[in-house]
C-alpha cells in the first residue's frame, strides 16, 4: 500500500460517517471552498490540505477502489466509513513512515510552490550569471515565475555585485539547511532538486529512488521540508534578509465578501445590523463569521455565544468523535446551529 | 545591398560558418523572394529566419503548428539573449494576450499558432505593424500529401494577403515533390527560390533487424545496449514500455537511462532534457514526444524498439543522431506483429466516431476561450481538427458527415504511408538508395563505408569506448550545495 492510500485511509478515519469520499479528495487537492476549509478545521486535517494539488481524480479513484476491495473502507449513500480492519491497517502502515511534523498545507498552500520555484530559478540564474553565461534554459517555464525572478534579480543587483549576491544566497541556504539537519530533517531532499550551472537538479522520481523511498511519500517529505523552511525563515526573518523576500506571508486570507463583513464587525455592528446594511441573508453573514473564526485565531466568538454555552459545547466535542450538527444539537438543546458551528470552528 | 552575413552570424549566434543550405536561404529571403527550403532536421532551420531578423526592418512572423514546439523555440531564443520574442498562443491568459497585442510593435519575432490567425482581433493587431517576413514552419503540414496534414494551415495564403503580402519563407525538414507543389500552390508563392537539400545523412548507418517475437527483440536490444556507445535515444510507441525499459537499463547499470513522454509533468521533462544535454544521463527511453527542440550534438545512436508510422517520421527521429558529423547508428527492431500495433496507433491519431459524436454534443456549450485549449480526452491535433471542421460546417449533421469522410480518407492515406515503411523494412536492396528513390533524389556513387545492414556494416565501429559507469554516491547535501555554487568555490581555490 503506497502512502496515498494510507493518506486516504487516514482521512476516512477522521471523516468516517460524516463526509463523503470526495471530501477527502477536495482536501488533498486543496479545493478552495468554504466546505473544505471548514472540514479541515473541524476534523483536524489542516496539515494535509493541498498536499497533492495535482492529484488526478482517476488516480485517487484507483486508490479508493483498492481500499474498498480490500475491505478497509466502504461507502454508504452519502458518507465514507472505515472498517475495523481498515483501522488496523492504518495503524500498522503509519508506523513505517517517519512523521511529517512540519507539513501544514492549510498555512502554506499559497506560498510553498511559489517559494520553491522562485528559489530554484534564482539559484540557477545566479549560477549562470557568475559564470558569465547568460544563455540557459530556465528550469521554470511559468511566465509569472520568470518575470518575478527577473524583477527580484534586477532589484538586488542594484545593491549587490552578482558574486556577492550569490555568496549571500549560499550562506542563507547553508544556514537554513544546517538548522534543518539539527531538527532531524534531511537537507538532501531539497538540495539535490536544485539546478546549478550546467548541472540540472534531480527529478522527484530520481531523488526518491536514490533515497530508496516511494515517490508519493518523497513528495510529501519534500513539502514537509519546504514548510519547515517557510516557517523558520519567516520566524527568524532578520537572519534571512534575502530568502524571506521570496514569499509573501499573509495569515488571514478571507474571501472579499467575508472581508467586508469582518470590517463591519470590527466597527461594532451586530449580525442583524450587518444583514440590513449588506442586504444579505442572515445565513450568508453567519457563513462569513464562521470563515473568519476559521482563518483568524485571534477572533473572539464571545459576542456570539455565551461562555456557559461555549463550555458545554467544548466539553461535548472533546468527548465525542462525531461532528454532525444535528446530533450535537440533540445533546445540547439550547444551542442553535450557528453557535455549534462557531464553537466547532474555534476549538477543533 | 550586400551584407557581411558571416559577421552577423558571429555577432548574434557565435558561429563562424553556415551549415549547408542556410546561406542560400538567407540570401533569397534578404532579396525579398518567396522561398521554399527543405533542410533536414538538425541543420539549423530557425537560423534561416532569425538571422534576417537582424537585418530586415519590421517583424518576423512565424507560424508554428505545435504549442510545445513553439514554447521551446521561444525559450531557445531567449536563452540566446533575444528578448524581443513572444509566442501568441492559447497558453497566454486573456490579460497577457491583450498586453502583448497592445505592445506588439516592440517584438521582433512573433511566433503564432494557425488557429490564432483566425481571430479578427489578432489580424487587426498584426495589420498595424510592419511584417517583413512571413515564415511557415513545418510547411509540409499544409499538404494533404504530407504525413502530418493540418487543415487549419490551408488558410495561410489568404492571411498573407491580409498582411499586405510580405514575402514568405516556407520551411520543412521533409517534403516530397507532390508536397512541395502543394505548398507553392496553396501559399500562392510567386517564383519562389527553392533550396532542396538531400534527406540523406551519410554519417548515420542504417540497420534494420527482423525478429520473430518480443523475447527475441528484448534480448537483441539488451545486446546492442551492452555493446554500443552512447549517448542515445530509444523510441517506443508506448509510454509504459518506455518507463519499464528505463528502469531495466538503469538497474542493469548499462546506461544512466530515463524515460520521457507526454505523461511526465513539465518540470520533469525540462530536467530530463537538460540532464541528457549535459551528459548526466546518457540514454533516453522516449515516445515520439521527445526530440523537438532538443539540440544535442553528440547523440551516437537512435534505436526504434517500435517502428514509427511512416518514413518521414523515421527520418526525423534518426536525424537526431550525429549532428556533430561523427559516425552514428540507427537501429530499427521489427517483428511482424508490430504492424498490427502500428495500425491501431495510426487510427488513434485521428478522432474516432465516438469522439466526433461527443464533440458535436459538447461544442455548443464550450466558451470560446476554453475552445482554444484542448479539452480532456482529445489530443491537441484531434481538437484543432474537430474545431476546424466544425467552423466550416453548416449544421451538426453536415459536420458529422464531413468529419467522418475526412477521417476515412486520411486513414487510408496514412495506411498507405505505413505500408510504404513496411516495404522499406522488407527491402532487399540498399536502404539508403531506397530512401533516396522515395524522395526522388539522385543516387550518388560513393556511398559511406558504413551504409546499411544490407550493404554491410561493422558494428565494432560503434562499440563502447568508455565502459566506466557512473556510480551512485551517498547523498551529501553539503557536497551538493558546493557543487551548485561552484562558481564561487573556483574563485576561492585560485586565491
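Entry remark, segment A:127-149: residues being surrounded by fewer than 13 Cβ atoms within 10 Å (Cβ to Cβ) and modelled with pLDDT of 90 or more number 0 in total.
Mind listing whichever residues of segment B:257-278 are in contact (Cβ under 8 Å) with a residue 24 or more places away in the chain and either in contact with a helix residue (DSSP H, G or I) (Cβ under 7 Å, 6 or more places away or on another chain) or surrounded by fewer than 19 Cβ atoms within 10 Å (Cβ to Cβ) (or both)? I'd like the intermediate steps shown before the answer.
Initially, segment B:257-278 is screened for residues in contact (Cβ under 8 Å) with a residue 24 or more places away in the chain, giving B:257-263, B:276.
Hits for segment B:257-278 are B:257, B:258, B:259, B:260, B:261, B:262, B:263.
Modelled with pLDDT under 95, surrounded by fewer than 16 Cβ atoms within 10 Å (Cβ to Cβ) and out of contact with any strand residue (DSSP E or B) (no Cβ under 8 Å at 6 or more places or on another chain): is that true of residue A:181 in this structure?
Values: modelled with pLDDT under 95: no; surrounded by fewer than 16 Cβ atoms within 10 Å (Cβ to Cβ): yes; out of contact with any strand residue (DSSP E or B) (no Cβ under 8 Å at 6 or more places or on another chain): yes.
Spelling it out, it is not the case that residue A:181 is modelled with pLDDT under 95, surrounded by fewer than 16 Cβ atoms within 10 Å (Cβ to Cβ) and out of contact with any strand residue (DSSP E or B) (no Cβ under 8 Å at 6 or more places or on another chain).
Has segment B:348-356 got any residue that is under 25 Å from the mean Cα position of the chain (by Cα), under 26 Å from residue B:177 (Cβ atoms) and part of a helix (DSSP H, G or I)? There is at least one residue in segment B:348-356 that is under 25 Å from the mean Cα position of the chain (by Cα), under 26 Å from residue B:177 (Cβ atoms) and part of a helix (DSSP H, G or I). All of A:272, A:224 fail the test of being crowded, with 18+ Cβ neighbours inside 10 Å, away from chain B (no Cβ under 14 Å) and at negative phi, apart from A:224. For the criterion of being at the interface with chain B (Cβ under 7 Å from one of its Cβ atoms), within 20 Å of residue B:264 (Cα to Cα) and either touching a residue at least 12 places away in the same chain (Cβ under 8 Å) or in contact with a strand residue (DSSP E or B) (Cβ under 8 Å, 6 or more places away or on another chain) (or both), residue A:200 passes. Residue pairs whose Cβ atoms lie under 7 Å apart, sitting 6 or more positions apart in sequence or on different chains, and linking a residue in segment A:306-318 that is in a helix (DSSP H, G or I) to a partner that is surrounded by fewer than 18 Cβ atoms within 10 Å (Cβ to Cβ), are A:309/A:334; A:312/A:332; A:313/A:332; A:314/A:347; A:316/A:331; A:316/A:332; A:317/A:347; A:317/A:348.
I'd like to check something: does segment B:128-138 contain any residue that is surrounded by fewer than 16 Cβ atoms within 10 Å (Cβ to Cβ), more than 12 Å from residue B:159 (Cβ to Cβ) and at pLDDT 90 or above?
Taking segment B:128-138 first, the residues surrounded by fewer than 16 Cβ atoms within 10 Å (Cβ to Cβ) are B:128, B:130.
If we keep only those that are more than 12 Å from residue B:159 (Cβ to Cβ) as well, we get B:128, B:130.
Add one more test, that the residue is at pLDDT 90 or above, and what stays is B:128, B:130.
So far as segment B:128-138 goes, yes, one or more of its residues are surrounded by fewer than 16 Cβ atoms within 10 Å (Cβ to Cβ), more than 12 Å from residue B:159 (Cβ to Cβ) and at pLDDT 90 or above.
Please go through segment A:137-184 and give me each residue that is in contact (Cβ under 8 Å) with a residue 60 or more places away in the chain and either facing chain B (nearest Cβ under 7 Å) or within 27 Å of the chain's Cα centre (by Cα) (or both), ordered by number. Hits for segment A:137-184 are A:139, A:152, A:169, A:172, A:173, A:175, A:176.
Among the residues of segment B:383-440, count how many are buried (at least 17 other Cβ atoms within 10 Å of the Cβ) and not in a helix (DSSP H, G or I). The total comes to 2. Mind checking whether some residue in segment B:327-339 is part of a helix (DSSP H, G or I), touching a helix residue (DSSP H, G or I) at 6+ places or on another chain (Cβ under 7 Å) and crowded, with 21+ Cβ neighbours inside 10 Å? No, the conditions are met nowhere in segment B:327-339. Is one or more of the residues making up segment B:150-165 in a loop (DSSP other than H, G, I, E, B), touching a residue at least 24 places away in the same chain (Cβ under 8 Å) and buried (at least 23 other Cβ atoms within 10 Å of the Cβ)? No - not one qualifying residue is present in segment B:150-165.
I'm trying to understand the selection: among the residues of segment A:203-220, which are away from every other protein chain (no Cβ under 13 Å) and assigned to a helix (DSSP H, G or I)? Outline the logic, then answer.
From segment A:203-220, those away from every other protein chain (no Cβ under 13 Å) are A:214, A:216-217, A:220; that's our starting set.
Answer for segment A:203-220, where residues must be away from every other protein chain (no Cβ under 13 Å) and assigned to a helix (DSSP H, G or I): A:216, A:217, A:220.
Looking at the structure I just gave you, is residue B:270 more than 24 Å from residue B:461 (Cβ to Cβ), in a helix (DSSP H, G or I) and within 14 Å of chain A (Cβ to nearest Cβ)?
Numbers: more than 24 Å from residue B:461 (Cβ to Cβ): yes; in a helix (DSSP H, G or I): yes; within 14 Å of chain A (Cβ to nearest Cβ): yes.
The answer is yes for residue B:270.
Would you confirm whether any residue within segment A:85-93 is assigned to a loop (DSSP other than H, G, I, E, B) and at negative phi?
Step one: filter segment A:85-93 for residues assigned to a loop (DSSP other than H, G, I, E, B), giving none.
No: zero hits.
The values are calculated or read from the model by the stated rules, or taken from the named source; none is laboratory data. Small disclaimer: the values here were computed from a predicted structure and weren't measured. Virtual Cβ from ideal backbone geometry, glycine too; neighbours counted across all protein chains shown.
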